[in-house]
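The values are calculated or read from the model by the stated rules, or taken from the named source; none is laboratory data. These numbers come from a predicted model, not from an experiment. In this analysis, Cβ positions are derived from the backbone assuming ideal geometry, glycine residues included, and neighbour counts consider all displayed protein chains. Just the protein is used for accessible areas: all its heavy atoms, side chains included, with ligands, DNA and RNA removed. Shrake-Rupley method; radii C 1.70, N 1.55, O 1.52, S 1.80 Å.
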There are 2 protein chains.
Amino acid sequence: MKKIKDFLIKNNFDYFLLPNSDEFFSEYLPQNQKRIEFICGFNGSNATIVFGQKKSYFFTDGRYILQAKQQLNLNEFEIINIAEKSLISWLKDNVDKTQNLALDPKLLSKNFIEECESFLSKITFLQKNPIDEIWIDKPIIKASPVFSCPLNLVGENFQQKKSKILDGFLSDAIFISKPENLNWLLNIRSADIEFTPLFLGQALVFKDGKLVIFGDDERFKNIDLHNVEIIPKEKFEEYFKNFSAQNFLIQIDKKTTNYWVCEVFEKNNIKYYNKNCPIEISKAIKNSQEIIGAKKSHYQDAIALLKFLFWLDDAQKKQQIISEISASEKLLELRQKSDHFLYPSFETISGFEANGAIIHYRSTTSTNKEFLGNSLYLFDSGGQYFGNDFCGTTDVTRTIAIGVPSTEMIEDYTRVLKGHIALARIKFPRGTSGSQLDILARSHLWNVGKNYDHGTGHGVGSFLSVHEGPCSISKNSHQALQVGMILSNEPGFYQEGEYGIRLENLMLVTEFDEKFLCFETLTLAPFDFSLIDFKMLTYPEKKWLADYHQNILRTIGEELNYQELSWFISKFNQAPISSFNL
Amino acid sequence: MKKIKDFLIKNNFDYFLLPNSDEFFSEYLPQNQKRIEFICGFNGSNATIVFGQKKSYFFTDGRYILQAKQQLNLNEFEIINIAEKSLISWLKDNVDKTQNLALDPKLLSKNFIEECESFLSKITFLQKNPIDEIWIDKPIIKASPVFSCPLNLVGENFQQKKSKILDGFLSDAIFISKPENLNWLLNIRSADIEFTPLFLGQALVFKDGKLVIFGDDERFKNIDLHNVEIIPKEKFEEYFKNFSAQNFLIQIDKKTTNYWVCEVFEKNNIKYYNKNCPIEISKAIKNSQEIIGAKKSHYQDAIALLKFLFWLDDAQKKQQIISEISASEKLLELRQKSDHFLYPSFETISGFEANGAIIHYRSTTSTNKEFLGNSLYLFDSGGQYFGNDFCGTTDVTRTIAIGVPSTEMIEDYTRVLKGHIALARIKFPRGTSGSQLDILARSHLWNVGKNYDHGTGHGVGSFLSVHEGPCSISKNSHQALQVGMILSNEPGFYQEGEYGIRLENLMLVTEFDEKFLCFETLTLAPFDFSLIDFKMLTYPEKKWLADYHQNILRTIGEELNYQELSWFISKFNQAPISSFNL
């Protein structure tokens, strides 16, 4: 910290703004990009620091306030909840026109910096990030090779995908700023970050079909790419030097393109304009092979989930002590039994009791709770699956009673479940967006003055990011849902300091009839019937539950051993059937 | 029509664009502004004509296509449904850069013309409207006096309202383009148009509190207005001549300010910028006196509605023949029994059988149906109430079985009712907008592949327009609902050629607790229990229905005679109570 202050003073900067990101704004950062963790020890995902000569300001959201308080030196940092004061509004109020703000133009989007420029007059764009100067033992990352996903897994080849993207295209080229979009377009993957099988790189697609990747040639040596040129990343600036004479026009997405890239374009008199990357929507609409991959991945996931739930129940009966960490290890071990399982699609959330109420909880040896007493256990996990015959990404959350649940827990669980079922059952006209559907998952909680402070659903990639745009189910999501999109359905309820509930399945948007669409639930994992007050369910809700559990049994029954099967039938089949006769 | 074509040819105009509006974009037009009705006989509300030298194009929405076909000379006009081809997109495709489009700058908004200017290069702004030149016997309208609404009716005086509007205000003045906003601000009303008690005028509020009305001095002679100057409308241009030297900045709303006004500002070097008029939101949030007025108006309305429903039922029993027109006359006669009733708040929709499926149906002697056979009768009506002690505006729709309803009618009615109840019962966090709630009224229809092609709810004025912004309940309504807003709740279902169903109550947004809001239903009119399949209702829905009808009885029971009372109790009280015991 002293070195950063010295840097500010020496250069006469009032502030240095550092976001927790890399040049691609990836959800998960490579080890050598975790500058915030290096400088202050904070290892949550959402953080921005504004370093000052005396005091520094740490911005994060409600999920991480507690963690920040524990991990930061509070003499150095003031922690600010962005729900109470956004970074932009803080800058407006605290940085005056005479003050000099320094930042790294590679780590911030064109959009964000344009907004800053609208009210700040002195911004210095640094050539080198000062953290990198201090970070002497920065890990050196050995780049993995890039590999191809065969056509029987991804359903469409590069040429087919490219022609869709370039259809009706007007400028000279599109700059592909998001690695996910490039990986999808080229049907390539790699291992540059945890949880998502990405090659981190950007590219330019020309209207004549030529593609230029900015990356390391060596990494592509096993891949046969026609009409593709690879330019070393270091030569990015140089590459654009001869463009100016051609009156060249590039389409970019300002939200996901870093400021430095735009600077390079401007220096070379390359014109550019802002538009959503056309890959976003194509990538979101899964083709039939991708849908098969999603279903097969969920089949594999379901076996592990069912065996895990049996193991949990059995361990309770045998009074074995389980902890958050041992449970998540067991779940990983069961997933690993599938030869298609690569690794988790995000860091598993495994939270008992009050820890379950922390929305993005990460269990550590110091927070790890043993499952003692009467409360709830929430686990949110998923896998990246990849093999010869299919690939896909899963994401599922279940909440399980440990001991005897209270009436309040049962009522809350049932309300969350009613919301989950309402969304799963809805039929909706084409053109409907997630913002219209969101309330279905919330109204049963709202009617008793309760709510949850996160979106109801996010898009999910196909052996790609577990969180994927542009579709989602939340208040502000105006993208129309289309056949082939995969979204999560994950309402929750969190009683702070006591317990958390979240019930998450993935759903595929499918056609109901000429005018209407509906969801097909992909996730196959039983709900905890001991947490359901069946009197609170309507007949159609009970019918949905019965059908859902019968479908699990029909689909993965043959993968279960005798013990597991009889446990499933006694627990999830008998009980609802009798309830359904109500 | 020949005269218009001659006008085009003589002036070398390719097209003349005429919207069905006046300079204020009023929902109802004064007789001397009904240019479209004069020139072609069409008397619906939504219409725009693009006159050409040979052929002319008539743009309207789905509600009016049939009517346009009946009323227009089809040799002269091509009718275009704006849902299939919007006016803007038609202009883009059909008017090329060499062609000259003429229009009346007073009848179109700045917003609309700016959009046209972005793709049309030759627009001629006419000094005089050519229709007015032809329209020799144009009705001369004797202006009514403007009257004041006393403070005990409107709750806040002009000064209080003005200081709210000017709070934090930055420019030199606000131009009030919408007459509703001016009437609300000054607590004045008049009788310039049908159904809405408006003085049609505009004004300028200066930041020092001074107000200038553009209108006829004579009309204000009975009113005591402090710090208000009245400038004759004809002197509008002249008035602004001496502003340029002062570097004057005016806030306008481009959606509701006609182009000609902006031209006047520009000619005089007056700067202006676009922002929503701050009166909009203040007007939408009713104060306690306005809420009392709304409730008392609904009380008066409820007496008429209940007596009307009794009369309808009684006439059916006695096998008297009723028609759409005789029914709406009876309803008007019953409303007129209240000494506070002024006139209907819009043209009553009274539609039997297939006419009920025409969303904005207007019964004429040629379309009037007698109530014969088994079908549904839909009536949508409301009143403007004004007296010494209260004023207010109502709007209500009920659908009644005539004869024996079919199973399909009952199921459709019950689904519409379930949607109505879901919206009426919801509790929602502060900040929630109508777009989030809309699906509550639709999901029971969607789940059987049905829908309705209109919004679910609109804002309602306080002794002002029955349709009032900025709040509404529909897919695209992102205005957060706030305590004191009054909105309609009117889902429907229309089986074309057979029957229409709509169930409309007005609701007041009220506080549920610190975090949550809810609706209080204002309308007091029974639903038709013979159209409800009680087996399709959940317990909370039945409970809501029972409470609603008990509240009607408790509130207006004493206004009913013995016959009406026993009819009500037998029909709406006994039946649900037994059903509710399910």
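Quick look at the numbers
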read-out: Cα-Cα pairs of segment A:354-398 separated by more than 17 Å (percent); value: 49 percent
read-out: Per-bin percent of Cα-Cα distances, segment A:276-383 [10 Å]; value: 13, 37, 29, 15, 6, 1
read-out: Size of electric dipole in segment A:120-270: Cβ of Lys, Arg +1 and of Asp, Glu -1, about Cα centre, debye, nearest 20; value: 260 debye
read-out: Principal axis dimensions, largest first and in whole angstrom, of segment A:137-256 by Cα; value: 41, 41, 28
read-out: Debye, to nearest 20: dipole size of segment B:28-124, +1 on Lys, Arg Cβ, -1 on Asp, Glu Cβ; value: 160 debye
read-out: Distant-in-sequence amide H partners of A:Tyr272 (H built 1.01 Å from N, under 5 Å); value: A:Ile250
read-out: Backbone N within segment A:531-552 under 20 Å of label point (7 Å from B:Met536 Cα along the Cβ vector); value: A:538-544
read-out: Greater than 30 Å apart at Cα, pairs in A:Lys296/A:Lys418; A:Lys515/B:Lys307; A:Lys138/A:Lys330; B:Lys207/B:Lys241; A:Lys110/B:Lys110; A:Lys55/A:Lys138; value: A:Lys515/B:Lys307; A:Lys138/A:Lys330; A:Lys110/B:Lys110
read-out: Cα gyration tensor shape of segment A:1-148, rounded if a/c is under 1.5, else prolate or oblate by comparing a/b with b/c; value: rounded
read-out: Electrostatic dipole magnitude of segment A:482-546 [Cβ: Lys, Arg +1; Asp, Glu -1; Cα centre; debye, to 20]; value: 200 debye
read-out: Sparsely packed trypsin sites (Lys or Arg not before Pro) within segment A:255-346, loop by DSSP, other Cβ within 10 Å at most 11; value: A:Lys318, A:Lys337
read-out: Cα-derived Rg to Rh of chain B, Kirkwood definition; value: 0.98
read-out: Accessible surface, segment B:133-209, averaged per residue in Å² (probe 1.4 Å); value: 40 Å²
read-out: Space enclosed by the convex hull of the alpha-carbon atoms of the protein assembly as shown, per residue, Å³; value: 205 Å³
read-out: Label-point separation in nm, B:Gln246 to A:Gln31, each point 7 Å along Cα→Cβ; value: 7.0 nm
read-out: Segment B:515-571-segment A:482-554 distance, computed between alpha-carbon centres (Å); value: 34 Å
read-out: Förster radius 25 Å - calculated FRET efficiency between A:Asp339 and A:Leu565, Cβ distance, rounded to 0.05; value: 0.65
read-out: Helix-derived mean residue ellipticity, 222 nm - over chain B, DSSP H n ≥ 4, -39500 (n - 2.57), to 500; value: -9500 deg cm²/dmol
read-out: GluC sites (Glu not before Pro) restricted to segment A:58-156 and DSSP loop, no more than 15 other C-beta within 10 Å; value: A:Glu84
read-out: Per-selection Kirkwood Rh - segment B:424-542 (Cα, Å, 1 d.p.); value: 15.3 Å
read-out: Pairwise FRET efficiency - B:Asn11 versus B:Asn551, Cβ, R0 = 51 Å, nearest 0.05; value: 0.20
read-out: In degrees, nearest ten, helix A:2-11 long axis to first principal axis of chain A (Cα); value: 30 degrees
read-out: Computed lengthening from A:Asp61 to A:Gln316, 0.36 nm per intervening residue step minus Cα-Cα distance; value: 88.2 nm
read-out: 3J(HN,Hα) from dihedral phi, segment B:331-347, Karplus parametrisation 6.51/-1.76/1.60, rounded to Hz, x for glycine, proline; value: 4, 4, 4, 5, 5, 5, 5, 7, 6, 8, 6, 9, 6, x, 7, 5, 6
read-out: Accessible area of the protein assembly as shown belonging to carbon and sulfur atoms, whole % at 1.4 Å probe; value: 48 percent
read-out: Hz values of 3J(HN,Hα) by residue in segment A:97-103 - Karplus curve (6.51, -1.76, 1.60), Gly and Pro given as x; value: 5, 8, 8, 9, 10, 9, 7
read-out: Share of Cα-Cα pairs in segment A:212-344 lying beyond 17 Å, as whole percent; value: 76 percent
read-out: Derived scalar couplings ³J(HN,Hα) [segment A:114-128; Karplus, 6.51 cos²θ - 1.76 cosθ + 1.60; whole Hz; x for Gly, Pro]; value: 4, 5, 4, 5, 6, 10, 9, 9, 10, 10, 10, 8, 7, 6, 10
read-out: Accessible area buried between chains B and A, both sides summed, probe 1.4 Å, in Å² to nearest 100; value: 1900 Å²
read-out: Nearest-0.05 FRET efficiency for B:Gln53 and A:Asn287, computed from C-beta distance (R0 60 Å); value: 0.70
read-out: Accessible area per residue in Å² at 1.4 Å probe, computed on segment A:282-365; value: 41 Å²
read-out: Length added when fully stretched, A:Ile136-A:Tyr273, from 0.36 nm per residue minus Cα-Cα; value: 45.4 nm
read-out: Tail fraction, Cα-Cα pairs, segment A:113-188, threshold 20 Å, whole percent; value: 62 percent
read-out: Cα centroid separation - segment A:106-142 against segment B:82-139, whole Å; value: 51 Å
read-out: Listed residue (A:Leu378, A:Thr367, A:Ile349) projecting farthest to the positive dipole end of segment A:317-379, Cβ model; value: A:Leu378
read-out: Filtered chymotrypsin sites (Phe, Trp or Tyr not before Pro), segment B:103-163: DSSP coil and at most 11 other beta carbons within 10 Å; value: B:Phe119
read-out: Positive dipole terminus of segment B:221-317, leading residue within B:Val264, B:Phe243, B:Ala294 (C-beta point charges); value: B:Ala294
read-out: Label-point gap, in nm, between B:Asn476 and B:Glu496 - each point 7 angstrom along Cα→Cβ; value: 2.2 nm
read-out: Euclidean distance between Cα centres, segment A:340-371 to segment B:218-261, Å; value: 65 Å
read-out: Set of segment A:5-34 residues, backbone N closer than 17 Å to the point 7 Å along the Cα-Cβ line of A:Asn75; value: A:5-6
